[in-house]
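Please read the structure below before turning to the comments.
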Amino acid sequence: MKAIVVGCGRVGSALAKRLHSAGWEVAAVDESEEALERLGAKWPGELHIGHGMDTAVLEAAGIGSADLVVVSTDGDNTNVVVAQIAKSRYEVPKVAVRVHDPARADFYSNRGFEVVSPTTMAIEALASLALGGDPA
């Protein structure tokens with residue numbers, strides 16, 4: 001199974017490592033060499049320095065044969081555009097995207113890719129705790 005992780009901050013790098021540990025072939029993409037260093041000097045997967053919206057970078061990472069693309073940069077706009085490119089242009093079977101803004105997350109949740117909103121998840125968990133329930 002082939003995965004591309006776009007954005008190698010704390011979330012993206014940890015996910016790339018987890019996917020690799022589960023037996024996936026993983027290509028990591030980030031415009032920052034320092035971010036890619038989070039994967040460690042012995043990272044066995046691919047590293048691609050460049051912007052996730054650059055189709056040449058995505059193609060070098062193997063998007064044409066990817067089973068999964070996860071987009072987890074700091075920017076919601078970038079994340080959504082890259083997810084749309086992966087899904088519509090390259091027809092990647094599974095695309096997951098992090099969207100911080102809850103309104104945007106709702107809007108994009110039915111666009112053919114999976115949306116994860118850490119902000120929404122935090123609001124729900126904290127509200128549940130504050131109101132006497134268990135966190136979701």
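Please enumerate the residues belonging to the range 83-106 that are open to solvent by 70 Å² or more (accessible area, probe 1.4 Å), outside any helix (DSSP H, G or I) and either out of contact with any Asp or Glu (no Cβ under 7 Å at 6 or more places or on another chain) or within 15 Å of THR73 (Cα to Cα) (or both).
Result: GLU91, single match.
Please go through the range 107-128 and pick out each residue that is part of a loop (DSSP other than H, G, I, E, B) and either on the phi > 0 side of the Ramachandran plot or open to solvent by 20 Å² or more (accessible area, probe 1.4 Å) (or both).
Scanning the range 107-128 gives SER109, ASN110, ARG111, GLY112.
Can you pull out the residues in the range 2-17 that are farther than 16 Å from ALA60 by Cα and open to solvent by less than 20 Å² (accessible area, probe 1.4 Å)?
Hits for the range 2-17 are CYS8, GLY12, SER13, ALA16.
Quick one: what pairs do we get from the range 18-34, first residue crowded, with 17+ Cβ neighbours inside 10 Å, second among the polar types (S, T, N, Q) and part of a helix (DSSP H, G or I), C-beta under 8 Å, 6+ apart or different chains?
ALA28/SER13
Taking only the range 39-64 into account, find how many residues are loosely packed, with under 15 Cβ neighbours inside 10 Å, aliphatic (A, V, I, L, M) and touching a helix residue (DSSP H, G or I) at 6+ places or on another chain (Cβ under 9 Å).
Number of matching residues: 1.
Determine whether the range 13-31 contains at least one residue that is modelled with pLDDT of 95 or more, among the β-branched types (Val, Ile, Thr) and under 13 Å from the mean Cα position of the chain (by Cα).
Scanning the range 13-31 turns up at least one residue that is modelled with pLDDT of 95 or more, among the β-branched types (Val, Ile, Thr) and under 13 Å from the mean Cα position of the chain (by Cα).
For the range 18-45, how many residues meet the condition of being acidic (Asp, Glu), outside any loop (DSSP other than H, G, I, E, B) and over 15 Å from VAL70 (Cα atoms)?
Going through the range 18-45 one residue at a time, the tally reaches 3.
State all residues of the range 46-63 that are farther than 17 Å from ALA96 by Cβ and not in a loop (DSSP other than H, G, I, E, B); if no residue qualifies, say none.
Hits for the range 46-63 are GLU46, LEU47, HIS48, ILE49, THR55, ALA56, VAL57, GLU59, ALA60.
The values are calculated or read from the model by the stated rules, or taken from the named source; none is laboratory data. Because the structure is predicted, anything quoted here is derived from the model rather than measured. No Cβ is skipped: glycine too gets one built from the backbone with ideal geometry, and neighbour counts run over all protein chains shown. Just so you know, the surface numbers come from the protein's heavy atoms only, side chains and all, with ligands and any DNA or RNA stripped out. Shrake-Rupley method; radii C 1.70, N 1.55, O 1.52, S 1.80 Å.
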